[in-house]
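Encoded as structure tokens, the structure appears first; notes follow it.
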Amino acid sequence: TECEKEPGSLLWVFVMVGNIVRGMGETPIMPLGISYLEDFAKTENSPFYLACLHTATVIGPFLGLLLASFCAELFVDIGSVGADEITITATDARWVGAWWLGILICALLNLLVGIPFWFLPKSLVKEGETNDPEETSEKSAAPLQENDKNETKQTMHYFVPDFIPFLKALLHNPVYMLFICITVLQFSAFDGMISFMPKYLEQQFGKSASDAIFLIGVYNLPVLCVGYFSGGLFMKKFKINIYQAANIAFWVSLLEYLLYFAAYWTVCDTSPVAGLTVSYQ
């Protein structure tokens with residue numbers, strides 16, 4: 001009919017490009033930040049600093065979920081539609097929260113937080129060493145000059161032949177590939193919970209989208225922060241080496257999976273849905 005029109009808006013392209021740019025800016029922080037800590041921290045203090053870094057990466061999503069919970073209580077057209085004109089509540093299935101407001105707030109915060117990174121020095125005195133400024137500058141001058149020479153040589157002509165053998169060696173490393181597979185499985189489970197658990201809470205317990213997002217953040221992420229921080233503190237205090245850390249990670253992960261497996265017996269009754277679980281009559 002003439003009243004039916006296919007959606008032709010291309011605004012989703014701006015959201016996609018924004019997420020691509022955000023990923024390009026956020027991705028280098030973890031590998032480069034870890035290398036920065038490893039280069040200038042003591043060996044016994046490095047696990048604790050890394051634990052603080054990972055704890056901060058969990059605190060961020062926790063605050064983000066709290067912000068999303070707040071934005072979900074606001075109507076999507078806030079500012080252009082008066083409160084007296086809204087005839088539905090946040091628990092209504094037709095309710096759409098102000099999802100764009102959180103993106104604007106986080107974009108501004110990312111811009112402000114990124115400014116101090118410009119003032120980080122290229123080289124630091126390694127923790128525990130007491131070199132004189134002159135000695136430090138002399139030692140750091142040679143690597144910097146060498147890096148400048150290497151950067152001029154790092155063209156695509158030299159990069160591609162070296163990168164492919166290096167990538168091939170990584171793909172044939174069983175320890176590295178096993179770690180990648182485990183990481184993918186863990187993040188798949190976590191992302192699945194983040195994606196589908198709010199909707200389950202809405203349907204099963206009658207919660208609004210705002211309440212479901214808030215519960216996900218409060219019940220899950222603070223525990224991860226405690227685990228990251230206590231694990232790094234434990235490794236620092238008892239000077240755990242790589243082999244011992246792998247053993248600890250294996251047994252703790254096994255216990256975690258057994259506890260998750262026990263969740264199969266905690267099943268709630270399915271809510272009655274007309275036409276699906278019960279008849280319309």
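The values are calculated or read from the model by the stated rules, or taken from the named source; none is laboratory data. Because the structure is a prediction, the values reported are computed rather than measured. Note: ideal-geometry Cβ built from the backbone for every residue, glycine included; neighbour counts use all protein chains shown. Side chains are part of the model used for accessible areas, which takes the heavy atoms of the whole protein and leaves out ligands, DNA and RNA. Shrake-Rupley method; radii C 1.70, N 1.55, O 1.52, S 1.80 Å.
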Open item on the list: Using a Förster radius of 45 Å, what is the FRET efficiency between Phe119 and Val226 based on their Cβ-Cβ separation? Nearest 0.05, please.
Closed with: 0.90
- [ ] Run through all the Cα pairs of the stretch 175-281 and give the fraction in each 5 Å bin from 0, expressed as whole percent.
- [x] 2, 9, 12, 18, 18, 13, 10, 7, 5, 3, 2, 1, 0, 0
- [ ] Compute, for Cys225, the solvent-accessible surface of its heavy atoms (probe 1.4 Å) with the complete set of protein chains present, and express it in square angstrom to the nearest 10.
- [x] 20
Open item on the list: Whole-Hz ³J(HN,Hα) for each residue in the stretch 41-53, computed from phi via Karplus 6.51 cos²θ - 1.76 cosθ + 1.60 with θ = phi - 60°, x for glycine and proline: what do you get?
Closed with: 10, 5, 4, 6, 8, 4, x, 5, 5, 5, 5, 5, 5
Task: Karplus-derived 3J(HN,Hα), 6.51/-1.76/1.60, for each residue of the stretch 181-195, Hz, glycine and proline x - done: 4, 5, 5, 4, 5, 5, 5, 5, 5, 5, 5, x, 5, 5, 7
Open item on the list: Can you classify the stretch 1-86 as rounded, prolate or oblate using the Cα gyration tensor, where a ≥ b ≥ c are the square roots of its eigenvalues, rounded means a/c under 1.5, and otherwise it's prolate if a/b beats b/c and oblate if not?
Closed with: oblate
